[in-house]
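Here's the structure we're looking at; comments come further down.
The values are calculated or read from the model by the stated rules, or taken from the named source; none is laboratory data. It should be emphasised that the depicted structure is a prediction, and the values quoted were computed from it without experimental measurement. Cβ: placed from backbone, ideal geometry, glycine included. Neighbour counts: every protein chain shown. In case anyone asks, the SASA skips ligands and DNA or RNA and just uses the protein heavy atoms, side chains included. Shrake-Rupley method; radii C 1.70, N 1.55, O 1.52, S 1.80 Å.
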Amino acid sequence: MSGIKNNYGIRLGLVIVLAYGLIALFAPWLAPADPLHVQMSHKLELPSWSYPLGTDHLGRCVLSRLIYGTRTSLLYTLAVLASVFAISIPVGLIAGYAGGRIDQAIMRLIDVLLAFPSLILSLAITAMLGPSMPNLLLSFAAVWWAGYARVIRSVVLQIRSRDYIQAAIASGSSHGTIMVRHILRNAARPILVLASVEVGTILLAIAGLSFLGLGAQPPVPEWGVMLSDSRPYMQTEPRLLLYPGIAIMIAVLGFNLVGEGLREQRKDARAA
Amino acid sequence: MKVLEAIGLSKVYNPRHSWLGRSGREPGLTAIDGVSLSIAPGENAALIGESGSGKSTLARLLLGLEKPTFGRVRYRGIDYTDLRMKDMRGIRSKLQMVFQNSYAAFNPMFTVAQIIDEPLRNYDCDSVEMRTQRIREVLEQVGLAASTAHKYPHELSGGQLQRVGIGRALALRPELIVCDEPFSSLDVTIRKQMVTLLQELKDQLGLSYLFISHDLSLVQRFCDSVTVLQRGRIAERYSSVHLLKHSSHPYTRQLLAAVPIQHPAQRKTPLQVQSNHY
């Protein structure tokens, strides 16, 4: 029973994610107007045929900005995810495989990093480096790898204790071969599930920091930036906040559905 | 010259010096305590003892999968105790192992061909064709169909998997194979097939075996010498398994008493089992 229910969740999630992906990919063809084109004469207009979702305080097409915002958000989410895993996979792999002092040293460093609230720490780093998207990416990677490295280490530890690792050593394989061919290959699936569960969180964090002015900088079309731009008009034009809010909500929902679904499937597969 | 020689091997887990750890004052766990043994070419040595007596740890020490805390291990007089992973490769090819739990002993992502290929690709600079040839040869030696090569471990039965395990050990043409409880998960008929297979391979290839087991009936049928391990130490040693039944050592008597008899008429007066360990 639960398998079917999960299946629906995963399917809905995949449809949402795919839709966002296509929108991001084909943004220039889908957007009705230039998202950066300022027309003060058209500011704060209600939805019309030429501006399906109306215009913002600078007369820019809201729908176009949302569509291009999808591109910004997905791109940076993927970039953050990639850089976080580029650090956490090798670190977790080495800590779990080497064990002993190397493991101890790495784990204590991770403990220190995890002792800080991660969002606050990346906020501080971005503020220090100067607010911009590349710096945001850097600060996320510098802070968030710790938690993932810890999880990856535990996956590696589990695999490392299997007899086939001993067998690989006995058959003369080198540490590198064992780490890649045996451990990483078997850890790939749980790592992928971990990644898919966390995409939503990262997306939300990027929008959050952009809203605070530490991520994407105006006039770049990005959901968090749109929210903060529209904040002064919360009372008079609440729809301007609603659109990016809904876009973020649905995107996070989609990614979470996919991640949860994959995790459930994995749990079922392990139980079976 | 002895194929394998161990002198005063000891293994202590969690010794005191641990960096930033909760080392405290715990003395550590002594798994193996001053064990010496040697195996001659063509010998079928047996290592028996109950669970937790340190048999598997000893096997790992002998194969250099773990470093002993004290003591030396030698292959044909060459000391490989302190060799690094890379320098050890020459010796590893001569000493191979068949693992206890056949399901955990194979990477689930590998096919049988890849499993047997792994040791080959580490040693032979030979071409892919030659390795494929060798894989086919090995599969035939252990009595598996050539079609097995493309199957994954989860598609095979326990007996077939154990054959793959033996095949992987054979691939490098070793001189000694350590079998760690190789048949404990198999049923009696397959166990018998396996013993026959190992005997045939030995006759063909002149192998030596170190059998780790608590199945004394198997040991008595198949092995030449026997070493009894109790709580990490050697309790007794016999150059012939037939002497085992005359043992007066209380621990050996207990192990012998645990062997199932084949017919109630063979039952002797029940032996007093003392729980003097633990």
Once both label points are put 7 Å beyond Cα along the C-beta direction, the B:Arg136-A:Met249 separation in nm becomes 6.6 nm
Estimate the FRET efficiency between B:Ser38 and B:Lys67 by the formula 1/(1 + (r/R0)^6), using the beta-carbon distance for r and 22 Å for R0, to the nearest 0.05. 0.65
Can you classify segment A:30-244 as rounded, prolate or oblate using the Cα gyration tensor, where a ≥ b ≥ c are the square roots of its eigenvalues, rounded means a/c under 1.5, and otherwise it's prolate if a/b beats b/c and oblate if not? prolate
May I ask you to evaluate 6.51 cos²θ - 1.76 cosθ + 1.60, the Karplus curve with θ = phi - 60°, for each residue of segment A:9-15 and list the ³J(HN,Hα) values in order in whole Hz, giving x for glycine and proline? x, 5, 5, 4, x, 5, 4
Which whole-number value in Å² is the accessible area per residue of chain A, probe 1.4 Å? 48 Å²
Might you work out the accessible area of B:Cys179 for me, using a 1.4 Å probe with all protein chains in place, and round it to the nearest 10 Å²? 0 Å²
Normalised by the number of residues in chain B, what is the relative contact order in percent for Cα pairs under 8 Å and 6+ residues apart? 24 percent
Let me have the relative contact order for segment A:30-244, percent, based on Cα pairs under 8 Å that are six or more residues apart. 23 percent
With all protein chains in place and a 1.4 Å probe, B:Glu5 shows an accessible area in Å² (nearest 10) of 60 Å²
Among rounded, prolate and oblate, which fits the protein assembly as shown when a ≥ b ≥ c are the square roots of the eigenvalues of its C-alpha gyration tensor, a/c under 1.5 means rounded, and a/b larger than b/c means prolate? prolate
Do any trypsin sites (Lys or Arg not before Pro) in segment B:59-116 lie in a loop, going by DSSP, with at most 12 other beta-carbon atoms within 10 Å of their beta carbon, and if so which? B:Arg84, B:Lys86
Once you order the gyration tensor axes a ≥ b ≥ c over the Cα atoms, which shape class does chain B get: rounded for a/c under 1.5, otherwise prolate or oblate by comparing a/b with b/c? oblate
How big is the A/B interface in buried accessible area, both sides summed, 1.4 Å probe, to the nearest 100 Å²? 2300 Å²
Please report the spacing between the Cα centers of segment A:14-79 and segment B:204-251 in Å, no decimals. 79 Å
Whole-number percent relative contact order across segment B:153-278, with pairs defined as alpha carbons under 8 Å at least 6 apart: 17 percent
If r is the Cβ-Cβ distance from A:His57 to A:Ser174 and R0 is 60 Å, what FRET efficiency results, to the nearest 0.05? 0.45
Considering only protein heavy atoms and a probe of 1.4 Å, how much of the accessible area of chain B is carbon and sulfur, as a whole percent? 52 percent
Candidate lysines for bridging to B:Lys94, where Cα separation is under 20 Å - those fewer than 8 sequence places away on the same chain excluded: B:Lys2, B:Lys67, B:Lys86, B:Lys202
Percent carbon-and-sulfur accessible area, segment A:173-272, ignoring ligands, DNA and RNA, probe 1.4 Å: 67 percent
